[in-house]
Amino acid sequence: MKRTMKKLLGVILVCMAMVMSICACGDSSKDAEKQKITVTFMNGETQLGQVTGTAGEKLSDYSKYEELDGYEFLGWYETPTLLESSKKDLATVTFDKDTTLYGSFKSTQVAEDTRLWYIVGAGASPELAASNWAGTVEDSVKESCQLKATGNGTNEFAITLNLYEGDQFQIIHDWAWDGQKGFGCFTSIDESQMANGGGLGGSDTTSNINVVMDGNYTITLTTDPENALQDTLTIARNGDATAEADKAEESGSENTYTVTDATGIVVKGSWVDDWSENKDLTRVDGTNKFTITMDLAAGIELYFMVYENGTDTGLGMNATAVTDDASKALLEEAYNIKVAEAGSYTFTVDADTMTITITK
């Protein structure tokens with residue numbers, strides 16, 4: 001009897017060991033499959049190569065992708081636009097899933113930038129108020145808004161001026177809006193001083209920069225004419241606003257856009273996923289008011305833009321431009337104008353006051 005019990009116990013233990021071994025093998029195989037990841041390295045739209053690694057562990061054998069003849073390697077990013085917040089130090093960082101990284105490569109022989117760069121916008125700053133968002137202005141205004149070559153290295157331009165809370169601005173070249181430089185181009189920024197004015201289609205590089213703190217600031221732009229991804233902005237607060245220039249509102253200057261016969265209003269919105277479709281508003285004869293009627297689904301967001309001679313001025317209107325209670329009652333709370341219900345809506349923009357009224 002004892003011998004039988006011993007045999008039975010032995011069989012049970014062997015079976016348990018076999019089951020545990022099979023389970024362990026199954027779990028190990030599954031874990032190994034989960035842990036295997038692939039990191040893809042890109043230079044713009046060109047794939048440099050891939051490295052296979054283990055989730056949660058540092059990568060190896062990637063340094064060969066950091067070497068390109070004629071270029072200085074500046075870092076790896078998780079965004080193709082090389083946003084500073086997405087930069088990854090592969091000496092310390094690990095990944096838990098397949099990842100694509102984009103390299104920042106700066107040419108060691110950067111072409112000379114012969115373009116003229118300007119700060120434009122609106123607000124209490126005399127320079128911004130006079131710039132009229134790159135509208136039609138005197139040459140003297142352009143001169144006051146121009147960033148000047150610093151002589152410190154290749155293609156470095158800077159401007160020092162007073163900025164005030166509520167001011168908005170961007171950096172443009174040749175008084176035109178192609179290739180504008182917005183909030184996302186700053187390599188670093190103090191959020192107690194400057195804020196993101198909001199971007200459409202997820203592009204922070206073309207977002208307005210909103211001033212949060214009054215002060216005297218120096219803005220520095222570094223460019224690579226052949227690779228706009230290498231264009232960067234820095235900003236430094238030198239101290240309180242200097243006494244040489246008063247606020248535009250205190251000096252009597254108008255802090256509004258000057259409407260002309262060539263002014264137009266355009267709307268874009270989330271009825272297209274990438275916000276790529278623009279619709280022109282119709283000018284009401286003899287006025288500076290513009291209108292459009294649209295059939296919209298619930299939750300559609302809209303953003304209105306000011307154009308001059310068919311060119312985007314950079315001046316836009318979001319939900320803050322809707323000021324009357326009747327219009328607000330038709331909207332959900334959001335940064336952009338967001339309709340609460342499906343229906344036919346008429347939007348009327350008063351370009352003199354930069355306000356929007358809505359009827360349904």
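Data for the structure
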read-out	value
Rounded Å value of the spacing that divides the Cα centres of segment 54-81 and segment 340-360	49 Å
Assigned charges on the beta-carbon of Lys, Arg, Asp, Glu; segment 264-360 dipole about Cα centre (debye)	140 debye
Rg/Rg_ref, segment 36-107, where Rg_ref = 2.2 N^0.38 Å and atoms are Cα	1.03
About the Cα centre, charge dipole magnitude for segment 51-130 (Lys/Arg +1, Asp/Glu -1 at Cβ), debye	160 debye
Coordinate range along principal axes, alpha carbons of segment 168-243, Å, largest first	38, 24, 23
Rg(Cα) / (2.2 N^0.38 Å) computed for segment 112-158, rounded to two decimals	1.24
Kirkwood hydrodynamic radius of segment 276-360, from inverse mean 1/r over distinct Cα pairs, in Å	13.2 Å
R0 of 45 Å, Cβ-Cβ distance Thr150-Ser63: FRET efficiency to nearest 0.05	0.85
Convex hull volume per residue for segment 117-251, taking Cα atoms only, in Å³	114 Å³
Relative packing of peptides 81-92, 302-313 - highest average C-beta neighbours within 10 Å first	302-313, 81-92
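Read-outs throughout are calculated quantities, based only on the coordinates presented, and are distinct from any laboratory measurement. It should be emphasised that the depicted structure is a prediction, and the values quoted were computed from it without experimental measurement. Virtual Cβ from ideal backbone geometry, glycine too; neighbours counted across all protein chains shown.
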